[in-house]
Structure formats: C-alpha cells, structure tokens
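Here is the structure we will look at.
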Amino acid sequence: MREKSEGFAPELGDMSAAEFRRFGHEVIDWVSDYLSTVGERPVLAQVRPGELMSQLPSSPPDEGEAFATILGDFDHFIPRALTHWNHPSFYAYFATSSSGPGILGELLTAAFDVKGMLWRTSPAAIELEQVALDWLRQMMGLDAGLDGIIYDTASVASMHAIAAARERLNLRIREDGMSGRADLPLLRVYVSDQAHSSIEKATITLGLGLRSVRKVRTDEEFRMDPLALARAIEEDKRDGVLPFCVVATVGTTSTSSIDPVPAIALICAEHQLWLHVDAAYAGSAAILPEMRQILDGAERADSLVTNPHKWLFTPFDLSVLYCRHMETLRRAFSLVPPAYLETSEAETVRNGSEYGIQLGRRFRALKLWMIIRYFGHHGLAARIREHCRLAQLLKGWITDAPDWEMLAPVPFALLCFRAAPRVEGETEEERETRLNALNESLLNNVNASGQIFLSHTRIKDAFTLRLSIGNIRTTEEHIRRAWQLLNEELARLV
Ligand SMILES: Cc1ncc(COP(=O)(O)O)c(C=O)c1O
C-alpha cells in the first residue's frame, strides 16, 4: 500500500492547488535549466529503437503515483530519448525553436483547455486569433484583403486552400463528391518539381488523386519556370483537363528557392486559376523590410500559408492560412450546424469550425500574441536577420575553402553544400560517386558526435549537406564550431 500524503492524487478531483503550485514551480525550474543548458546535451537522441519502450512498464499503474516520482522518471528516461530541437546546434530540416514567451503561452493554453469551435465556446480564442493574425499580416507586408485563420500545420492549411480552390469551381463536389461522376474532367493542380510533398498529400486527401498534380520544371536555381507552367496549362486545356490551382513556393524545402510569384500570378489571372503561395518556411523573413520583396505577387494570390512554428520562435504547432476568399473556404466546409451547435450570434462572428474539418480548435493564438508582444516586430526581425547574416558568413567560409563547394544559392538561412576535395585523374562519374560516399559518411559521423545535427538533400543527384540556421539560441560561436567540426571530420575521412 502506498502512503497517502502530499504528492499523490486525492481520492476524487484534481491535484490540489498547493501541490500544483509546488510542482508547477519545479517544472518551470526544470524547463528554465533545460533551456539554458540544452546546448551541453547531445543533439540527437542517444537511444536505440525500442530502448525507451523496453525501460517503461508495459501496463498502467492501478494506483496513482507520487508526482515527484513521475518527475524523477521523466528526468531519467525522457530527455535522453529526445532529439533536442531547441539545441543551438540543431541545423537539420528547417531548424526551428520555441521561445520563452511561446512556451509560457502554451502552458496557459493548456490551463484554459478551450475547444474553440464556436465564438461562444471562447470569444478570446477566436478574437485573439484575428488580432494576432492581422498583426502578423501587417508585419509581413501583406495586403488587408488577406484574412487569416490558424491550422495546426502547413500541410493541413494547404489542403484547406486547395479545397477552397476546388469549391470555387462550383462543380457540386461538396454535395455529390467526385467518385462515380462521368461529368467531371481531371482537375489539375500545378506545382514545381521542388514543391513540398504536402501538396500531393492534400490531393490524396481531397480525392483528387496524385494524377491531378502536374510538376512543372524548375530553372538552374530551382525556381518554377513560368513559361513551362503556361505551356502545361495550355496543353492540359487542349486535352480536356480542367486546371484550377497553382501552388508557388517561397522557400522550397530542399534549397529554399523562391518561385517567381509575380509571373505565376499573371498566368493564374489569365486562366482564372487559384494561386496558393506556400511560404511555410520563408514567409517569416518577409517581416524584414529589406526582404519584403520575397512576397511580391502575393497581392494577387488567393491564399498563402506561413508557419510561425518554423521561423517565428513559436512552439509547434501553429500554421497560418491567409485567404482572400474566406466565404469560399467556409462554403467548402460549413454544414448547417447540428442543434447543439446553433448559436444566436452565428451571423455576426467567426465560428472557426466552419472553416475546416476540425470541430474543436486549440487556442493557439495566445502564444503567437505573446511572442509578437514580447519581442516586437523589430526584435523578431533582428533575430531572423541575424540568422541570415550567419548563413552568409558560413557561405563565405565554404566558398573560400578549396575542399568545399556551395550547391545552391542562399536566399535565407539554409545552406546546401558539400565537401569536394580534388583527386587527380578521375572521371566526372568517378568523382560524383566518390563525393556522394564521402559526404554521406561525413554527415553520419558529425551527427553521431552528438555535437551538431545536419540533414541532407539530393541536388542533381549529388548528396548534399543541408545546414539550416533558425534556432533562437544559435550564435556565431555555434556556427564557427559547426564549421570546425565539419573540417575536422573531413580531415579524418580523406
Ligand atoms: C515549403 C514547405 N511547405 C510545407 C511544409 C510542411 O510543413 P508542416 O510540417 O507544417 O505541415 C514544409 C515542411 O518543411 C515546407 O518546407
């Protein structure tokens, strides 16, 4: 029998206020220590597959356990089985990190635990969302015709944008679906060959099918070729296909390239196609006045997605869809509410659940509102500007080093490069094979060191190192150390 004392759950009801206060302080102390020392931990999880599961009981406890014991086990087992995204030397994928005000915002969101499906279920959740997203819109220099709504991820936001684009066709797909219909042509979505796979997933989810996605070729800097887009649309029209949407990317996943949105927008206008801009990663950079031009053409876009959880120091998850046709988006998903959801104010307020597949919606706006207020527009811009400066600094070192080469331009804070030491008398093919193997070993070894974490991509078949700078805690010192480690490892390998 366990002892009934402070720290255990009472017979009924929640944790006592005194206990919550005590452990709440402990948890905040833990988080504060974690954030200030996370750089001393190995970036990558130090466990084998299945290791954590084998260390934990396979059945739940019958009786409650002391919260101190739970915290002790948490501290012992969990952090070492984590890959530390908040580590200043995390450079993989798109390096993203949370921030103090964002974490505190999340804590408060959990405390309120609203399910903001209707305005009435929490006016603050709906209205703060509108305020924070309008602030973000202004910071990004987007026009007031774009209205924002929060989803969990860019994948889901883009899916909703494509659903709205389809709804605009007035093909009764919402009512009759697409299956078994001889009257429907193949509907087409155009993306570049560098677009994120979330667009293909959206077409799978929406029943359009992968066949509906046409990939348009890109130029030598990985940007969609507008002439190739125009030709593809013409060809499809001649073949009886119905083009309805183009997705342009500002900041592609592999190299962060920028599609020529103004030229694409003209083509969309000519053919009356919905233009969706995927600025999931790079949209945040538009808050810098000197980088605002990356969103040129967005004034003609029908929708645009940006992820504060990528490069605006917002804890995952929070993705924003800006849309010029909220009514069309609503039409795509809104149903006559079941009686239990009817409210008298429905005509005058925004009920978030009408704009997507979810009913309940998290109060995500709170953390974004706190982040924007705490850092201010200038503070957020200064951090992103610093990441871009660090990227240019590293790019300079790579360009100047005889044994390394850059493989893509660096418009933001992502570097694509490789080690390329010379060997006399090699054919081009031999050189590529050798460099692919060398860079793969280099990546595996530096990652295994636990000191930094990079990811990779393939550029024209070349195994390419990807180093993304986006963590709020990353400094020039960390970048110098990463460069030193890469060079030390290269010296060991050759
Ligand atoms: C350009 C782009 N679009 C969309 C996504 C998907 O983002 P999310 O994880 O929010 O769905 C990514 C992810 O890296 C991305 O790089």
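Observations, loosely collected:
- Peptide ranges 276-283, 421-428 listed from the most packed, as the mean C-beta count within 10 angstrom indicates: 276-283, 421-428
- Full-stretch length increase - residue 201, residue 377 - with 0.36 nm per residue and alpha-carbon distance subtracted: 60.0 nm
- For region 367-397, the set of trypsin sites (Lys or Arg not before Pro) satisfying both a DSSP loop assignment and a count of at most 11 other C-beta atoms within 10 Å is empty.
- Diffusion constant of region 416-494 at 25 °C, which comes from Stokes-Einstein with the Kirkwood Cα-pair radius and 0.890 mPa s, µm²/s: 183
- Here's the list of lysines a cross-link from residue 310 could span, going by alpha-carbon distance under 17 Å and ignoring same-chain residues fewer than 8 apart: 367.
- Computed from the alpha carbon positions, the gyration tensor of region 30-151 leads to an equivalent ellipsoid with semi-axes of 35, 23, 13 Å, biggest first.
- Under 5 Å from the amide H of residue 186 lie the amide H atoms of 242, each residue being 5 or more positions distant or on a separate chain, with H modelled from the backbone and absent for Pro and chain starts.
- The chain, relative contact order in percent, only Cα pairs under 8 angstrom and at least six apart counted: 21
- Karplus-derived 3J(HN,Hα) values for region 85-90, using 6.51 cos²θ - 1.76 cosθ + 1.60 with θ = phi - 60°, are 5, 8, 6, x, 9, 7 Hz; glycine and proline are entered as x.
- Solvent-accessible area, 1.4 Å probe, carbon plus sulfur percent, for region 23-178: 57
- 3J(HN,Hα) along region 218-227: 10, 8, 5, 10, 6, 9, 4, 8, x, 5 Hz, from the Karplus curve 6.51 cos²θ - 1.76 cosθ + 1.60 with θ = phi - 60°, whole Hz, x for Gly and Pro.
- Between residue 476 and residue 193, the contour length at 0.36 nm per residue exceeds the alpha carbon distance by 98.5 nm.
- Volume per residue of the convex hull around the Cα atoms, evaluated for the chain, comes out as 191 Å³.
- Remark on region 258-318: Rg and Dmax equal 12.5, 40 Å (Cα only).
- Label-point gap, in nm, between residue 83 and residue 170 - each point 7 angstrom along Cα→Cβ: 4.8
- Each peptide in 465-473, 294-302 gets a packing score, the mean of other Cβ atoms within 10 Å over its residues, and the list from highest to lowest is 465-473, 294-302.
- The mean accessible area for residues of region 160-305, using a 1.4 Å probe and ignoring ligands and nucleic acids, is 40 Å² per residue.
- Peptide ranges 150-162, 229-241, 447-459 listed from the most packed, as the mean C-beta count within 10 angstrom indicates: 150-162, 447-459, 229-241
The values are calculated or read from the model by the stated rules, or taken from the named source; none is laboratory data. On a predicted model such as this, the values are computed, not experimentally measured, just so you know. Positions of Cβ are generated from backbone atoms using ideal geometry, with glycine treated the same way; all protein chains shown enter the neighbour counts. Heads up: the accessible areas ignore ligands, DNA and RNA and are worked out on the full protein's heavy atoms, side chains in. Shrake-Rupley method; radii C 1.70, N 1.55, O 1.52, S 1.80 Å.
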